Structure formats: structure tokens, C-alpha cells
Amino acid sequence: METKFSLPETHPQFRLNGLYYTNEELAAVAYSLIKEGEPYEGQAGNFLLDWLNDKDYIEVKTSGSTGPPKVISIKKQQMVNSARSTGKFFDLGPGTTALHCLPTNFIAGKMMLVRAMLLGWKLDLELPKANPLDRIFKIYDFCAMTPFQLDNSLSRLHLIKKLIVGGGAVSSNLRNLVQGINTKVYETYGMTETVSHIAARNVNARGKKLEEPLPFTTLPNVKIDIDERDCLIIEAPQLSDKTLITNDVVELISENKFIWKGRIDNLINSGGVKLYPEEIEAKLAPIIAHRFFVTSLPDPALGEKLVLMVESEFSETALNNLEREIKACRKLGKFEVPKKIYFVEKFEETANGKIHRANTLKSRIT
């Protein structure tokens, strides 16, 4: 028989913007954030009210990166389990100072609050924006960002001791930029359905040569396997009531390590050759300064032809230079060279800032 969920009291060392609150006091704080705070603070207030209510679950919106956003229910006990797992994996105990700079209407932002309340962190709320560290003048033990935020925070990253990066893949170019810095940067793997991350990889380990491809290591109590498509299967009973079958093509290295190759949704079959856009993008990243992605268009001979979309104004000079650099790129295989390059002034994005590949392609080509 399933035991009824009992909401844990906030940890004695928990602080929110410098002040301690019990569960009972947090309700008043939540109303204050909603009524008097900035929109991002109102989001945090709304979540706190949901966390404190009598329901044993939270309704969470998925990101919409692989289809229309949807609302799913996640048990609060699963969020508690996830928070404790993160604290253990990254060694973030009571007294950890943490910066919250993610939108709280998505799972990553919600979990920062849950971790702080349960693990006894000293959490400061900051506006979720492209460069969240620009107004920060103190050092934090921990922070979570998107790759876009990390890219815009490199000059002030010394203010963060440990950083997890999620919500999108960290490009090889961005990984190169964080080598040699003191901040420990971890790329995470997860989704709303897994209550934030279930695996991570340290992309700038001191004294270690950056290996490519870099494997992810799963958090405690997570089992992984692959299906007939080579897509990742996740069994995490503490985080999900069911086995999760993903659309992420991976290579299993061991019982707790895997290499992410790309999404099967993005798989391109060009003349019978299987191409993974994410792998090609990693090879192109060092030579393209703008945001970009690789996708396909119908082709009468090949079935699908590989095309490159670059977020930049078009110029004949830029196109010729890029074509020349791509041709000289020795990492690219024969079939990985894009057949055509499109310049797009502004990419379409999902609600949480990820590139919406399908809509961007549609708006440019049609």
C-alpha cells in the first residue's frame, strides 16, 4: 500500500534571499512574491503555493522542444528524491550558497527551490536572463544555467564554484571555452519526465584531456538500457512510476555510462546513409561563430539532403568564407558536408529559449 505523502519541513539552514522560513511562513512569502514581486519572482511564488498545498503532485509544463508543450503531473515525493540525489552526486550539503537564475515555470527552476528547502541551501533569486551574473558581486557554491546563459557569463564565471548546464546540448566550442577555469562545469542530461537531470558529465575536469565524445554518468538509483532503435531506456523508480523510453540515440559504455549521439527525431537518411545532426554540429561548432543547426530538406535523388541553418544576416562574403571553412574541416565525413547553407536573421524558439528547428526551417523555406 502506497504511503501518503507528507511534506517535509524546510531545513533549518535553508535561506531564501537571506531569510529563513518554515513551510507555514513560506505561504505568506509566496503571496508577497506574486503580489509585489517581479514576474520571475511571481513564478517562484506560484510554485511555492503549489508545493505547499495538500496535493501530492505538481503539474509541470514540458519544454516543447520535440513537440507541442504539454502539462504532466509529477509526484512531490519524486521531486524530494531528485533533490536528495542531486545533493549527494554533486556534494552539495547544508549551507551551500546557490544562485537561482532559471524560470520557475519549468522543472529546472522548480527543482532549485526544492533542493534549497530540503537540503538547507542559502538560495538567492535572480532575474532569469541571458547574462544572469552581470549584477552579481558575491561567490556562490552552486548554480544552474542554460547553455545560452553560460555562453553569456564566461567573463564572470569565477563567481560560481560548481555549475550545472541543462536545457540543451553544450556545444564543443562552449566546452573548449570553459577549459582551464576554476569553476567545475557539468553538462546534465534529463527531461521534465525524469524530474530534472538523471545523468551528468564534467566538461572541464582539471588535469584531464577533454575526450570526445564525452560520456554521461548516471546519478544514483538510475538504470539504463537501449531499445532496438539504440534509443535510451531509463528506469528510475524513485523519479518515475514507469520505464521511460526516450528518442535519444545513445551508445552504452557501461551500466552507468553512455554517449549521447542525437535525437532519432532529427535523424537524417541521406541516400541510405544515417546522419545525426548533433554529431555534425559538434564538428562544425569551432568554425561557426553564430547559432546554427543542421537539418534536412527533401531531395529527389537522396531522399533527404543535409542543410545548414545559420542565425546571421546573409552576405555573399560570409557564405563563401563558410563554405571554404567547411570544405577544409577534416573532422567532417564525406556525407556530413551540408549540401546547402541558409542564413536566417532570427531563429524560431520554444517557450524556454531552445531553437525550434522545425518552425525555423518552415519559416525560412516556405
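Summing charges over all other residues whose Cβ lies under 11 Å from the Cβ of Asp134, with Lys and Arg as +1 and Asp and Glu as -1, gives +2. The C-alpha atoms of the chain define a longest principal axis, and helix 76-89 lies at about 70 degrees to it. Put simply, the chain fits an ellipsoid with semi-axes of 37, 23, 20 Å; these come from the alpha carbon gyration tensor as the roots of five times its eigenvalues, largest first.
Think of the range 212-366 as having a plus end and a minus end, set by charges on the Cβ of Lys, Arg, Asp and Glu; of Asn320, Thr246, Pro220, Asn320 sits farthest toward the positive end of this dipole. Loop-located GluC sites (Glu not before Pro) across the range 170-249 with a Cβ neighbour count of 16 or fewer within 10 Å are Glu211, Glu228, with loop assigned by DSSP.
Equivalent-ellipsoid semi-axes for the range 66-144 (Cα gyration tensor, √(5λ), whole Å, largest first): 22, 19, 9. Loop-located chymotrypsin sites (Phe, Trp or Tyr not before Pro) in the range 122-199 (DSSP state other than H, G, I, E, B) with a sparse environment of at most 10 neighbouring Cβ atoms within 10 Å: Phe137. Annotation for the range 1-55: trypsin sites (Lys or Arg not before Pro) lying in DSSP loop with at most 15 further Cβ atoms inside 10 Å of their Cβ are Lys4, Lys55. What's log10 of I(q)/I(0) for the range 291-333 at q = 0.27 Å⁻¹, Debye sum over Cα points only, no solvent? For the range 291-333 at q = 0.27 Å⁻¹, log10 I(q)/I(0) is -1.07. The alpha-carbon atoms of the range 139-244, seen along their principal axes, cover 42, 27, 23 angstrom, with the largest extent given first. Over all directions, the projected convex hull of the C-alpha atoms in the range 236-357 averages 10.2 nm² in area. The radius of gyration of the Cα set in the range 253-320, together with its Dmax, comes out at 14.6, 50 angstrom.
Under 5 Å between amide hydrogens, built in the peptide plane, is the criterion, and for Ser270 it picks out Leu275 among residues at least 5 positions away or on other chains. For the range 94-100, the Karplus equation 6.51 cos²θ - 1.76 cosθ + 1.60, evaluated at θ = phi - 60°, returns couplings of x, x, 4, 8, 9, 9, 9 Hz by residue, with Gly and Pro reported as x. Considering only Cα atoms, the convex hull volume of the range 16-107 works out to 130 Å³ per residue.
Coordinate-derived values only; no laboratory data. Computed from a prediction, not measured in an experiment: that's the story for all the values here. Every residue, glycine among them, receives a Cβ derived from its backbone with ideal geometry; neighbour counts consider all protein chains shown.
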